[in-house]
Amino acid sequence: MQPYMTHLAHNLLLGLDRGELVSLVAGLDEPAYRAQQLLDGIYRKRLESIDRISTFPQALRSKLVGDGYTIGLPAVEKRFVSIDGTVRYLIALTDGQTVETVWMPEGDGGEAGDGTEAGDSAQNGPRGWDRATICVSSQVGCAVDCQFCLTALLGVKRNLTAGEIVGQVLRVLTDQNVSPPQDRVNLVFMGMGEPFLNYDNFIKAVRLLVEEVGIAESRMTVSTAGIVPRIHDFGLEAIRPKLAISLNASNDETRTRLMPINRKWSLATLITAARDFPLRNRERITFEYVLLDGVNDDTTNAEEVVTLLRGLPSKVNLIALNPGPGIDFLTPTADRVSAFQNVLIKSGIPTFVRRPRGRDIFAACGQLKRTVEIATSPAL
Ligand code: SAH
């Protein structure tokens, strides 16, 4: 029995949207502007407790606390800092489960020794980076079982609530002392879990992040392993991030071996969904492709990718496997990665090789397994 389970069930404010807060204050016989004050306190000021809502009279704060309300901001349980500036956070949720959230500063000073001219840094803030990306988790663990991914080894424990998805972002912004939109912050929903298997909470979180936290949807990207019906739903959303699809193989045989979910939604089904996806002006779909040595990284595979994506407004992000304990694949050499990339580029598909970030702290793609379970369990 964990001690927090014995407490009164808390009513968490974080995760409530404008409509829900309007009802809440109406139920307390308070004027409607109190809802806006709550929105500001929770999402803009990122207050840690109801006692700090200074726009509220003391009696109202006490009333909310007495009724069992808390804000419910998750806590930083551990913080790992990489030599490349990446920070991996282990975030503790109110039930004691943990997820990982990663902070990746980019631009001048974000990385030691990136060879940038000293003069350039004048354009950047005193922090030494000019934009940063936060990689956000959507579930505790993951159910999708991709064979190269460390998170898959955890299985799925539960979905995150909208408040827990937003809470990761708020916690990291506070820890880094930054505030959008003045500070350029991008979000990628590419942490632990499959966002499209927690669709409603994910979408609610996106709306709160856009409307209340102030991060533009154009600065957000969600990645899916290929949950085809949700790709369709996602295309109909009025507010939505950009779409990335984890392709990871160029034919069904290999993809099914690497991503068992391909049995349910084959490449043909997936690519059809991508072709049908209603893109905005100048928008492209990003396809991620993890290169596994001798498995899916041959130039013949690259040719197959070209065929799959022909005529589709797309770009490709190649990721050389980030190895890890329990993963039976090897990382290809840089030469093989370039050869693969060149085939795509020659056929006119913009193709980038994603630099691994925070490999030394197991924060790179697919490494968001709770390596802490292995690395730090004696300390817990
Ligand atoms: N479940 C979603 C969101 C996670 S995104 C999805 O699958 O898209 C995580 C990204 O990291 C995916 O593109 C995945 O293919 C990639 N990835 C997973 N394990 C990896 C590893 N060991 N090395 C490199 N990339 C990996």
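A few notes on this one:
- q = 0.20 Å⁻¹, region 6-66: log10 I(q)/I(0) [Debye, one scatterer per Cα]: -0.75
- Here the peptides 263-274, 136-147 are ranked by packing, the mean other Cβ count within 10 Å, and the order with the highest first is 136-147, 263-274.
- Helix-only mean residue ellipticity at 222 nm for the chain, each DSSP H run of n ≥ 4 adding -39500 (n - 2.57), per residue, nearest 500: -8000 deg cm²/dmol
- Virtual spin-label span in nm between ARG52 and SER266, 7 Å along Cα→Cβ: 5.4
- Of the DSSP H helices in the chain, none is both long (alpha-carbon extent of 24 Å or more along the helix axis) and hydrophobic (Kyte-Doolittle mean at least -0.5).
- Extension gain, LYS45 to HIS232: 0.36 nm times the residue separation minus the Cα-Cα distance gives 63.8 nm.
- Flagged links, alpha-carbon separation over 27 Å, of LYS78/LYS242; LYS63/LYS157; LYS242/LYS346; LYS157/LYS315; LYS45/LYS157: LYS78/LYS242; LYS63/LYS157; LYS157/LYS315; LYS45/LYS157
- Ranked list, fewest to most other Cβ atoms within 10 Å of each Cβ, for MET220, MET104: MET220, MET104
- Among the cysteines of the chain, CYS135, CYS142, CYS365 have no other cysteine beta carbon within less than 4.7 Å of their own.
- The Cβ shell under 11 Å around SER347 holds other residues with a net charge of +1, Lys and Arg each +1, Asp and Glu each -1.
- Computed over region 215-312, the range of Cα coordinates on each principal axis works out to 40, 25, 24 Å, biggest value leading.
- Cα-based shape type of region 51-93, given that a ≥ b ≥ c are square roots of the gyration tensor eigenvalues and the cut on a/c is 1.5: prolate
- Cβ crowding within 10 Å averaged over residues, with 294-302, 348-356 ranked highest first: 294-302, 348-356
- The relative contact order of the chain, computed from alpha carbon pairs under 8 Å that lie at least 6 residues apart in sequence, is 14 percent.
- Antiparallel DSSP beta bridges within the chain, percent to nearest 5: 45
- Rounded, prolate or oblate (a/c below 1.5 giving rounded, otherwise prolate when a/b exceeds b/c) for region 75-373 by Cα gyration tensor: rounded
- Across region 6-66, C-alpha contacts under 8 Å between residues 6 or more apart give a mean separation that, scaled by the residue count, equals a relative contact order of 23 percent.
- Mean Cβ count within 10 Å, highest first, over the residues of peptides 249-258, 192-201: 192-201, 249-258
Read the figures in this text as sums done on the coordinates, not as results from a lab. Predicted, not measured: the structure shown is a model, and the values here were computed from it. So basically every Cβ, Gly included, is an ideal-geometry build from the backbone, and we count neighbours across all protein chains shown.
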